[in-house]
Amino acid sequence: MIMVVTFQQEFRDKIGSFLSEKGHEVCIPPHRQDVVPLVKEKNPLVIVLDMYVAEPSGLEVLRELRAQNYKGKVVALAGTSVSSLMAQAFHLGVDQVIGGIQGSGGALNLDQVESAIKTALHADIAKRAFELYEARGRTKGNDLGDWVEAERQILKRSIPLTPSGQTATKAESEKIPKKPTKTKKASS
């Protein structure tokens, strides 16, 4: 699940609709004050956090999320007007930053939002793809298939992530057909 936190209804709707059309499960808190309780309830994989939000500020929201042990990924929407906050935001664990919404008539590249989400999850996806490769008996030639399946599993959260972001593999590995091992025939 991806949570979208931004102060402008128009952009919440655009980002939410775009990500939903791309097949992502999206959650949008009704009010900024609802972010932390909703994160505790839903445990989103990624939060797209507009650093321009106020009362509480984007930085305060991020600080509270980390204080509450939220271990998920954070993609920050930020521009030059909040650049002074970004050092603190990185210290609090922002994974990706993309240009924020500029002004009331500003634009946001929605493909860039999705790309930042995937980039933030890259290490988790790569780890899962390798786990799939190993579970298949290290059979070569299915790199792309393993990557696509890992991306599907991580983004759809069909496998749980541990608090450190690692995947829980035992049950999922058992679903992967392993390459049969060749046994030597006894000579008679």
Sorted by chain and number, the residues with a modelled amide H under 5 Å from that of E25, at a separation of 5 or more or across chains, are I2
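Please compute the volume of the convex hull spanned by the alpha-carbon atoms of the range 2-103 and report it per residue in Å³. Intermediate results must be reported in sequence, preceding the final value.
Values: hull volume 9.3 nm³, N = 102.
For the range 2-103, the hull spanned by Cα atoms encloses 91 Å³ per residue.
So which of K118/K156; K42/K73; K40/K156; K14/K40; K73/K118; K71/K118 end up more than 21 Å apart by C-alpha? Walk me through the numbers on the way to the answer.
Numbers: K118/K156 12 Å; K42/K73 14 Å; K40/K156 18 Å; K14/K40 25 Å; K73/K118 10 Å; K71/K118 16 Å.
Result: K14/K40 exceed 21 Å.
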By the Kirkwood definition, with r running over pairs of different Cα atoms, the range 38-95 has a hydrodynamic radius in Å of 11.4 Å
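The numbers here are math on the coordinates, done by the rules we state, and not lab data. Here the structure is a predicted model, which is why all the values come from computation and not from measurement.
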